[in-house]
Ligand SMILES: [Mn+2]
C-alpha cells in the first residue's frame, strides 16, 4: 500500500478551518512572548526520527506474542510501512536496521525502495543477544565479554559484517547493545568481562570506516538480572573513550533504574561531546518499551530541554541520531509509532519555547521560582497546533492518526499481506 499525497491534502482540507483558528490563537500568544514561532515550525519540519525495523510488527514478551494482521514480512514491506508513516507525519524519514533480522537480499532494490519513500538508512544494529538458526556461536554466557575466545571473535566478526551491510546501504553508524552479564554473584569476574568487552569493542572500532560512528548502548539489567557488563552511561562513556573519538554513548530512555535523572546524564554527555544518539520510548518500571511520552511526559520535556541547549551550545558534540526503540504488544504498531512521533515533536517544540537567555539570567540571579516557572510555562503550553502547522506546510497529515484510520491503512495491509503475516524480530 502506498498513500497518495493528494489523499492527505484532501483530508487536510476538512481540518483546515479548525486548525487555523487554533494555530492563530497560539501564534498570537507566542508573538506576545516574543517567541519566533516560525523558526520553531522550521525546526519541527526538519526533525527526523529513525524507525527501527523491529517495531513494525507486534512485539514479543517473555510469555507470548500476539501477532497483528498485515505485519510486514519482508524488508521491502517494512520500508513501505515506514513510507506510510513518513507520508503521514513528515517525521519518519529514516530507518534503523537490525541485523540479522533484516539483511537485504537485493541491495539495489532495497535502496531504490527506500529512496522512493524518502527514507535514509540510519544506524545499523548488531545482535549478539540470541543465537541464530544453524549458527555456530552460542551466546548463552555472553558475546563480546565472554571468557570463550572463539565466541568473542565470532561476535566481533558479526559486528564487522553488520558494518559491511550498513556500508552498502549508506548507513554511517552502528549501535551495539550487549545483553552480556551475569544472573548470579560470582558467575563473572567483573574486571575480566569488562576488559574482554573493551578489547572486543576496540577491534570493532578498528574496522569502522572513517566517516562512521560507533554507538555504545547501556542497560542496568535484563536479560541478566544480577549484573550487566555495560550497565550505565559511565561504563559506556569509559568504553567509548577507550575506543576513540568516533565512539559515543547512546541513551535509551528505558535503560535506567527508576527515578534516574536522565536529563542530567544527557547534559553531562553533551558537555563531554560524547552523546551519540537516542532511543526513545517510555517506561513505568523498567525497560517497558512503551509509547514515547505515555508515562512521563514532563521528564521527556526536561530531556529535550537539555538536548535543545546542547544542540545550540555544544559544538563539541556531533549531530545526534534520533531513533525510536519500542515494542507494541497490544496496539497497532503503526498507530503506536504515530503516537510516539507526536510525543517526540511535542517535547521538542516545548523545549524550543524555553528562552535560554532569560533562564540563564534567572539562574544567575538565583531566582529558583522564576527558573521553575519558565520551564513549566513552556511545558504547559499546548504546542500541538504548531506541530499540525509544520505538517500542513509539508503536505503531511494535519492529524496523522485520523488520516491513518480514514484511509483504512491497516485494513488494506491485512488484505494485501494476510491476517497471519509475522514480522521478523523477537
Ligand atoms: Mn535501545
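Worth a mention:
- Gain upon complete extension [residue 226, residue 73; 0.36 nm per residue less C-alpha separation]: 51.5 nm
- Volume of the Cα convex hull of region 117-193, divided per residue and given in Å³: 117 Å³
- Rg/Rg_globular for the chain, with Rg_globular taken as 2.2 N^0.38 Å and Rg from C-alpha atoms: 0.99
- Whether region 204-304 is rounded, prolate or oblate, judged on the alpha carbon gyration tensor where a/c under 1.5 counts as rounded: prolate
- Beta bridges assigned by DSSP with both partners in region 250-334 are antiparallel in approximately 10 percent of cases.
- Each helix, a run of at least 4 DSSP H residues, gives -39500 (n - 2.57); summed and divided by the residues of the chain, these come to -15500 deg cm²/dmol at 222 nm.
- For region 1-97, the spread of Cα positions along the three principal axes, ordered from largest to smallest, is 53, 30, 24 Å.
- Once the Cα-Cα distance is subtracted from the 0.36 nm per residue extended length, the residue 135 to residue 358 segment shows a gain of 74.4 nm.
- Of the peptides 310-316, 68-74, the order by per-residue mean of other Cβ atoms within 10 Å, starting with the highest, comes out as 68-74, 310-316.
- Region 234-367 shape via C-alpha gyration tensor axes, a/c threshold 1.5: oblate
- Bridge type composition, the chain - antiparallel percent by DSSP, nearest 5: 15 percent
- Cα-based equivalent ellipsoid of region 1-55: semi-axis lengths in Å, sorted from largest, via gyration tensor: 28, 20, 8
- As computed over region 83-214, the Cα convex hull volume per residue (Å³): 129 Å³
- Computing Rg and the Kirkwood Rh from the Cα coordinates of region 302-426 gives a ratio, Rg/Rh, of 1.10.
- Under conditions of 20 °C and 1.002 mPa s, region 162-213 yields 166 µm² s⁻¹ as its translational diffusion coefficient, taking Rh as the Kirkwood radius over Cα pairs in the Stokes-Einstein equation.
- Segments 83-91, 35-43, 300-308, 325-333 sorted - mean Cβ within 10 Å per residue, highest first: 83-91, 300-308, 325-333, 35-43
- By DSSP, the beta bridges lying fully in region 49-191 are antiparallel in about 10 percent of cases.
Bear in mind that the values in this text are calculations on the coordinates, not laboratory data. All values reported here derive from a predicted model rather than from experimental measurement. Because the Cβ atoms are built from the backbone with ideal geometry, glycine has one as well, and the counts that use them run over all protein chains shown.
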